[in-house]
1. Out of (1) farther than 21 Å from G198 by Cβ; (2) in contact (Cβ under 8 Å) with a residue 60 or more places away in the chain; (3) open to solvent by less than 60 Å² (accessible area, probe 1.4 Å), the odd one out for V47 is which?
2. Of all the residues that make up segment 141-156, how many are acidic (D, E) and surrounded by fewer than 21 Cβ atoms within 10 Å (Cβ to Cβ)?
3. Within segment 1-34, work out how many residues are more than 16 Å from the chain's Cα centre (by Cα), among the aliphatic types (A, V, I, L, M), closer than 21 Å to V175 by Cα and open to solvent by 40 Å² or more (accessible area, probe 1.4 Å).
4. Looking at segment 169-197, which of its residues are hydrophobic (A, V, I, L, M, F, W, C) and either part of a helix (DSSP H, G or I) or in contact with a Gly (Cβ under 6 Å, 6 or more places away or on another chain) (or both)?
5. Right, K76: open to solvent by 50 Å² or more (accessible area, probe 1.4 Å), under 20 Å from G42 (Cα atoms) and not in a helix (DSSP H, G or I) or not?
6. Filter segment 147-168 for residues that are in contact with a strand residue (DSSP E or B) (Cβ under 7 Å, 6 or more places away or on another chain) and assigned to a helix (DSSP H, G or I); which is nearest to N134 (Cα to Cα)?
7. Could you tell me which residue of segment 25-41 is farthest from I201 (Cα to Cα), considering only residues that are in contact (Cβ under 8 Å) with a residue 60 or more places away in the chain and among the hydrophobic types (A, V, I, L, M, F, W, C)?
Amino acid sequence: MNSVIDLYRCKDEIINDAYDRAVVNIYLQKEKKGYKSFLLCGSEAGVGTTSTSVELAISLSVAGWKTILVDGDLRKGSRYKRLNEDVKQGLSDYICSDAQLEDCIYATNWDLLHYIPCGTAKEESPVRMLCSVNMDIVMRRLHEQYDFVIIDVPSLNSSVDAQILAVKADASILVTALHSSKRRCLEEAKKQLVQAGGNLIGVVENKVDMEEYKKYIKDYDYFKQKKFAKTSRGGRSESES
């Protein structure tokens, strides 16, 4: 029996609301176009792609959809990843060895969310593993068994892995970080995905500070009961119902 992987979401209601808005867009893509598998990749390293993937996967499962999160980064060893510390088998083990796919799927602390770690087998290069027939089998079986498949991969400027998996997934989503991501990197990442044949459907702008977020979402503080707070002429706050 595989151990249960603990995945945690942010407890801030405003941040969760922001992720829920992204979940709505993903859900609509499924309803309108039948998309089930979504690749998330950073325009560059350090933009928070993994944390975004985890949050979206949890949100989808909480909404009642059977979801699986796949660690598609086969380059970084398991020992460098917190979520992979206690796993015995994963994606690379199924691709390169006699491991059964069921043995590479782990339950999580969320009822409808499962997880596939990157794995421990390193006999083949990541490119050959991702281009293999077994990787196609993985994608086909996950499509059959789950409502949503979220795939977390390395940034586009660090490897070609995202381009390989982009054509295997129904849709791709770029992750960037406000202020720290370079416009040139974002434009180049988009170009690479499109040229590879990936179906780019949108961009998640990560690491947005609250003041910036308020400019985009007028009712950003609804969940903190401050939505109607205004300052009276006397300088005190008053609340409208």
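1. All conditions pass for V47, except number (1).
2. Looking only at segment 141-156, we keep the residues that are acidic (D, E), and these are 144, 147, 152.
Keeping just the survivors that are surrounded by fewer than 21 Cβ atoms within 10 Å (Cβ to Cβ) gives 144, 147.
Summing the residues that are acidic (D, E) and surrounded by fewer than 21 Cβ atoms within 10 Å (Cβ to Cβ) in segment 141-156 gives 2.
3. 1
4. Within segment 169-197, the first condition is being hydrophobic (A, V, I, L, M, F, W, C), and the residues that meet it are 169, 171, 173-175, 177-178, 185-186, 189, 193-194, 196.
Passing the criteria: I173, V175, C185, L186, A189, L193, V194, A196.
5. Numbers: open to solvent by 50 Å² or more (accessible area, probe 1.4 Å): yes; under 20 Å from G42 (Cα atoms): yes; not in a helix (DSSP H, G or I): yes.
Against the criterion (open to solvent by 50 Å² or more (accessible area, probe 1.4 Å), under 20 Å from G42 (Cα atoms) and not in a helix (DSSP H, G or I)), K76 qualifies.
6. By that ranking, first place goes to L165.
7. Here the residue is C41.
Listed here are the residues, each with its yes/no results for (1) within 18 Å of the chain's Cα centre (by Cα); (2) surrounded by 14 or more Cβ atoms within 10 Å (Cβ to Cβ).
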residue	(1), (2)
S125	no, no
M129	no, yes
D136	no, no
M139	yes, yes
A166	yes, yes
L174	yes, yes
L178	yes, no
A189	yes, yes
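The values are calculated or read from the model by the stated rules, or taken from the named source; none is laboratory data. Since this is a predicted model, take the numbers as computed values, not measurements. Cβ coordinates were reconstructed from backbone atoms using ideal geometry, including for glycine residues, and neighbour counts include every protein chain displayed. Areas reflect the complete protein model, heavy atoms only, side chains present, ligands, DNA and RNA absent. Shrake-Rupley method; radii C 1.70, N 1.55, O 1.52, S 1.80 Å.
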